[in-house]
Each structure stands twice: as C-alpha cells, then as structure tokens.
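Q: Here it is, the structure, as structure tokens.
Just so you know, all these numbers are worked out from the coordinates, no wet-lab data involved. As the structure is a prediction and not an experimental result, all values here were calculated from the model. Glycine also receives a Cβ, built like all others from the backbone with ideal geometry; neighbour counts cover every protein chain displayed.
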Amino acid sequence: MARTLVTGARGRLGPYLAAEATALGAVITSARSGGDVECDLTDGAAVASLLDRAAPSLVLHAAAMTDVDACEVRPDEADAANRQAVEHLVRHLPAGARLIVISTDQVYPDTAGPHLEDETGPVNIYGKTKLAGEQAALEHPGALVLRTNFFGPPASLSDFFLDAFAAGRPVPLFEDVAFSPLHAATLARLALAAVRAGAEGVYNLGSRDGMTKAEFARALAAHAGLSTATARVARSTLQPGRAPRPRDLRMDVARFEARLSLTLPTLAEEIATS
Ligand SMILES: NC(=O)c1ccc[n+]([C@@H]2O[C@H](COP(=O)([O-])OP(=O)(O)OC[C@H]3O[C@@H](n4cnc5c(N)ncnc54)[C@H](OP(=O)(O)O)[C@@H]3O)[C@@H](O)[C@H]2O)c1
C-alpha cells in the first residue's frame, strides 16, 4: 500500500488527485492553510518537517503559483513557489519515494502546436519557473512530470464561461488561442494510471486534439443548454496588461498514449461527459 502526499490539496486539481490516490492507500494532504499538514513549500525546513511527518512513498505535487499575470510581476515569488519548492521536495524526499510533478502547457513557445515534449520555450515567467521546477524534479530518480491543462469545477475556465453564459454577462471568446485540456477528473485518473504503470520522465497529458478557446466555450454552452448570445469574439493579443502567452498550447500526446497503451479522449468527448 502506498502512502501518498498530495501538495496543493486545496487548489483546483489537488482534491481530484487526493480522491484518486485513496485507491492506492493512505493519503496525506498538504496546503499552506488547511489540509492534514500545513506547509509553505518555499520554506526548506518546513518541507523537511512535512516529509518527516508524512513519510510518503509517493508525492503528487500540485502546489504552484498558477496566476500567470501575478508571476510576471512577482518573479521572485514565482521562482520560489514553482522551482525552489520542488528543489526542497527533492532534497528531503525519503529514499525510494516516487515524485510526480504536475506541470503546464505554458512551457511551450508561441509557435504552432501540437507541441512535442522536447519543444520547450516558455514566453512568460510562469512557464519559465514551471520548466525550472520540472528540471529540479528530474534530479530525483524515477520522477514523473505530467504537462497538462484541465477544466471542471471549481473556478476553472469552464466555470468562468458557464457562469457568464448563465448570468447573461458579456464574455470575450478568444479565437486566436488553442489548447487541449482534459477534465480534472480524467486527468487525475490518468495521472494515477501513469503512477501504476511506473512511467518516468516527461509526458504531455491532455485531450488528443484540442480546440480554440472560443470553440471550447461554445461547445460547453451547447452541452449545458445555455445561450452564447452575450459572447463577443476577441483576440488575446489585444487584452491590455496581460503577461505574454503562447497562442497555440495544444500538446502532442502520442508519447503518453504509447507508454500507457491507450487512446486519450478528444476534447469534445471530455466536454460531452463533463
Ligand atoms: N489551472 C489550470 O488551468 C492549470 C493548467 C495547466 C497546469 N496547471 C498546473 O496544475 C497544478 C495545479 O493547478 P491548480 O489550478 O489546482 O492550482 P491552484 O488552484 O492555484 O492551486 C495551487 C495550490 O498551490 C498552493 N501553493 C501556492 N504556493 C504555495 C507554497 N509556497 N506552498 C504551499 N502551497 C502553495 C496554493 O495554496 P494557497 O491556497 O495557500 O495559495 C493553491 O492551493 C499546478 O502545478 C499548475 O501549474 C494548472
């Protein structure tokens, strides 16, 4: 039986991972505030104490500073949360414990996707610090990095669109940004499948095709029976004050599909079952 430590346990993805990990054995949740053990992962001594108390055989690391625009204006904070925190985990992990790090499609450049795993070139501080965190993780023998994007409650892009359509609020639909997320529940299930399969190294884990964010919003609305009459088409590059972002975030998932001998769902399938 595994003893799984889930970091970022009070974030959007952490609870999905914690729920899936119960099938492997005991689960210990950690967050800065709340969870079984409170810990600021930027504090090396606190991480040593956390790992001592939790004594995990598996760490699912979902904690991160995820606000792309905040990372751009507070790069030292982003570096501490997204790179140094992983270094602390690697330094203090019990011998033989497995480390799974959740990363992001923001490590890819502003070029046409779908991106293969070795095509990195982040254009913002969030992507740069997450990539540095991946590299820190890979110092740990057998580490697994899953680059991803996801939707589903609470407080994700899908909630933003559905809430706006339900309330009849005007909402911009970016037709110049494409991505390939999975539902968070699917992502958590597949992350644990990768653990069971003993996968190591770096994998893209998303839907097998992708859509523009405008197509995604319209498909969500159609599935929920909501009108998109209040939506307006917009271009991401014209939004003032935003950190730079890659416009094509779609990931090539062939490596993951081959390693686990499965076919990942399309984004339309993910929306239809959400
Ligand atoms: N959301 C997305 O669309 C998306 C897309 C691609 C990849 N990802 C990746 O998926 C993972 C999970 O994302 P998410 O959306 O669940 O993130 P989230 O909702 O922002 O949650 C992240 C959690 O990390 C915690 N955290 C931040 N700094 C910390 C620190 N110094 N010490 C301890 N905990 C800290 C936060 O705790 P507080 O509540 O205390 O701030 C928060 O609960 C991240 O690695 C992210 O990079 C997310």
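Q: State which residue pairs qualify: first residue more than 10 Å from the ligand (Cβ to nearest atom) and inside the stretch 76-92, second residue assigned to a helix (DSSP H, G or I) and of a type in the set (Val, Ile, Thr) in any location, beta carbons under 9 Å apart, and separation of 6 or more residues or different chains.
A: Close Cβ pairs satisfying both conditions: Asp79/Ile125; Asp79/Thr129; Arg83/Thr129; Leu89/Val47; Arg91/Val47; His92/Val47.
Q: A further question follows. Among the residues of the stretch 71-87, write down those that are surrounded by fewer than 18 Cβ atoms within 10 Å (Cβ to Cβ) and among the polar types (S, T, N, Q).
A: none
Q: What about Thr42, is it surrounded by 15 or more Cβ atoms within 10 Å (Cβ to Cβ) and either within 18 Å of Ala31 (Cβ to Cβ) or without any contact (Cβ under 8 Å) to a residue 40 or more places away in the chain (or both)?
A: Yes: the conditions hold for Thr42.
Q: Of the numbered conditions (1) closer than 24 Å to Pro265 by Cβ; (2) assigned to a helix (DSSP H, G or I); (3) within 15 Å of the ligand (Cβ to nearest atom); (4) not polar (S, T, N, Q), Phe165 satisfies every one except a single condition; which is it?
A: (3)
Q: Check the stretch 58-70 and report whether any residue there is surrounded by 17 or more Cβ atoms within 10 Å (Cβ to Cβ), without any contact (Cβ under 8 Å) to a residue 40 or more places away in the chain and either more than 20 Å from Pro154 (Cα to Cα) or not hydroxyl-bearing (Ser, Thr, Tyr) (or both).
A: So far as the stretch 58-70 goes, no, none of its residues is surrounded by 17 or more Cβ atoms within 10 Å (Cβ to Cβ), without any contact (Cβ under 8 Å) to a residue 40 or more places away in the chain and either more than 20 Å from Pro154 (Cα to Cα) or not hydroxyl-bearing (Ser, Thr, Tyr) (or both).
Q: If you don't mind, another one. Kindly state which helices (runs of 4 or more DSSP H) lie completely within the stretch 177-274 and contain at least 1 residues that are touching a Pro at 6+ places or on another chain (Cβ under 9 Å) and not aliphatic (A, V, I, L, M).
A: 184-196, 213-224, 267-272
Q: May I pose another question? Do we have Gly113 as at positive phi and touching a residue at least 24 places away in the same chain (Cβ under 8 Å) here?
A: Against the criterion (at positive phi and touching a residue at least 24 places away in the same chain (Cβ under 8 Å)), Gly113 does not qualify.
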